[in-house]
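Engineer: Can you read through this structure? Questions will come right after.
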Amino acid sequence: MNDQGAASPDGAPGDGTTHFGFETVPEGEKAGRVLGVFSSVASRYDLMNDLMSAGVHRLWKDAMMDWLAPRDGQRLLDVAGGTGDIAFRFLRRAPGASAVVLDMTAAMLDEGRKRAEAETFGPRLDWVVGDAMALPFENNSFDVYTISFGIRNVTRPQVALEEAFRVLRPGGRLMVLEFSQLPVPAMQWAYDRYSFNVIPAMGKAVTGDRASYQYLVESIRKFPDQDTFAGMIRDAGFDQVKYRNLTMGVAALHSGWKL
């Protein structure tokens, strides 16, 4: 289990404060601070993902698509999807599908629009600045909702899951890809040594911003473990909730259905 202390079900301390990495901050401050993190690193975000994971994040995203099995005619909402990685993969596998990428950070969306793949999808792909906790869409608007390495940055993850349920059509599917907890303590110890000693220094060297990557490492440790998060998905109304560990639990895929 992760160290959540006396947390409310959505992972926040429950007294009007929440976690920003290992720091406790007023809930009203977190979104702005997260916005600052991703605005700072947007131009090097994809490069840092490759360096931090030695490219393994690409395999995780492909595994997500394998389990998701995109189909023509589906409409995807990819939340916190700024640079387009998930939406591009989805649309390549389902040429008759469409996608909306939503992110709170305009700079991340700008980087996504610059990618060569963005132009090839034309009117099938939209980019929207928005908040995962207050989605600017009608009820029952999407067939698939995805969020990758983003839900741990949301002030109230439970509210984001409830919003996912609201905007999905009956029969729609939620899929979350997020860093998680390794089940073997010795492996978690070794992973922690790498994360805290290497990643912030790498962030400083590549982006000039050590603090943002220190936050990102800390935010992983404050996020609920696999079973706890699966329970949160069920509490939001989803059925047939399952998860799969990736790379021994460094990351996990969670799936749920709106039935």
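The values are calculated or read from the model by the stated rules, or taken from the named source; none is laboratory data. These numbers were taken from a predicted model, which means no experiment stands behind them. When we count neighbours, we look across all protein chains shown, and the Cβ atoms used for this are built from the backbone with ideal geometry, even at glycine.
Engineer: If we scan region 36-50, do we find a residue that is of a type outside the set (Val, Ile, Thr) and either at pLDDT 90 or above or part of a loop (DSSP other than H, G, I, E, B) (or both)?
Structural biologist: no
Engineer: Then there's this: Counting just the residues of region 204-219 that are crowded, with 20+ Cβ neighbours inside 10 Å and in contact with a Ser or Thr (Cβ under 7 Å, 6 or more places away or on another chain), which one comes out nearest to residue 181 (Cα to Cα)?
Structural biologist: Filtering region 204-219 for residues that are crowded, with 20+ Cβ neighbours inside 10 Å and in contact with a Ser or Thr (Cβ under 7 Å, 6 or more places away or on another chain), the one nearest to residue 181 (Cα to Cα) comes out as 217.
Engineer: Let me ask you something else. Return the residues of region 195-208 that are assigned to a helix (DSSP H, G or I) and either farther than 24 Å from residue 42 by Cβ or touching a helix residue (DSSP H, G or I) at 6+ places or on another chain (Cβ under 9 Å) (or both); say none if nothing qualifies.
Structural biologist: Those that are assigned to a helix (DSSP H, G or I) and either farther than 24 Å from residue 42 by Cβ or touching a helix residue (DSSP H, G or I) at 6+ places or on another chain (Cβ under 9 Å) (or both): 195, 196, 197, 198, 199, 200, 201, 202, 203, 204, 206, 207.
Engineer: Turning to a different aspect of this structure: Of all residues in region 202-246, which are of a type in the set (Val, Ile, Thr) and at pLDDT below 95?
Structural biologist: Of everything in region 202-246, those that are of a type in the set (Val, Ile, Thr) and at pLDDT below 95 turn out to be 206, 207, 217, 220.
Engineer: Another one. Among the numbered conditions (1) touching a Ser or Thr at 6+ places or on another chain (Cβ under 8 Å); (2) modelled with pLDDT of 95 or more, tell me where residue 70 comes up short.
Structural biologist: Among (1) touching a Ser or Thr at 6+ places or on another chain (Cβ under 8 Å); (2) modelled with pLDDT of 95 or more, the lone unmet condition for residue 70 is (1).
Engineer: List every residue pair whose Cβ atoms sit under 8 Å apart, with the two residues 6 or more apart in sequence or on different chains, where the first one lies in region 81-92 and is over 14 Å from residue 177 (Cα atoms) and without any contact (Cβ under 8 Å) to a residue 60 or more places away in the chain and the second, anywhere, is part of a loop (DSSP other than H, G, I, E, B) and hydroxyl-bearing (Ser, Thr, Tyr).
Structural biologist: Close Cβ pairs satisfying both conditions: 82/105.
Engineer: Can you tell which of 40, 53 is without any contact (Cβ under 8 Å) to a residue 40 or more places away in the chain and of a type in the set (Ser, Thr, Tyr)?
Structural biologist: When all the criteria are applied, what remains is 53.
Engineer: The conditions are (1) in contact with a helix residue (DSSP H, G or I) (Cβ under 8 Å, 6 or more places away or on another chain); (2) under 26 Å from residue 43 (Cβ atoms), and residue 180 fails exactly one of them. Which is it?
Structural biologist: Just one mismatch for residue 180, condition (2).
Engineer: Let me ask something else. Conditions first: (1) within 20 Å of residue 49 (Cβ to Cβ); (2) surrounded by 15 or more Cβ atoms within 10 Å (Cβ to Cβ). Residue 115 passes all but one, so which condition is the exception?
Structural biologist: (2)
Engineer: Within the set of pairs 6+ apart or on separate chains, which have a first residue in region 144-156 that is farther than 21 Å from residue 169 by Cβ, a second that is among the polar types (S, T, N, Q), and C-beta atoms under 9 Å apart?
Structural biologist: So the pair list comes out as 149/49; 152/219; 153/219; 155/18; 156/8; 156/18.
Engineer: What are the residues in region 163-187 that are part of a helix (DSSP H, G or I), surrounded by fewer than 17 Cβ atoms within 10 Å (Cβ to Cβ) and either touching a residue at least 60 places away in the same chain (Cβ under 8 Å) or touching a Lys or Arg at 6+ places or on another chain (Cβ under 8 Å) (or both), if any?
Structural biologist: 187, the sole residue that qualifies.
Engineer: I need the full set of residues from region 125-159 which are out of contact with any Ser or Thr (no Cβ under 9 Å at 6 or more places or on another chain), in a loop (DSSP other than H, G, I, E, B) and of a type outside the set (Gly, Ala, Ser), in order please.
Structural biologist: Selection gives 136, 137, 138, 139, 140, 149, 154.
Engineer: Filter region 62-88 for residues that are among the charged types (D, E, K, R), part of a helix (DSSP H, G or I) and surrounded by fewer than 22 Cβ atoms within 10 Å (Cβ to Cβ) and give the result.
Structural biologist: Hits for region 62-88 are 62, 66.
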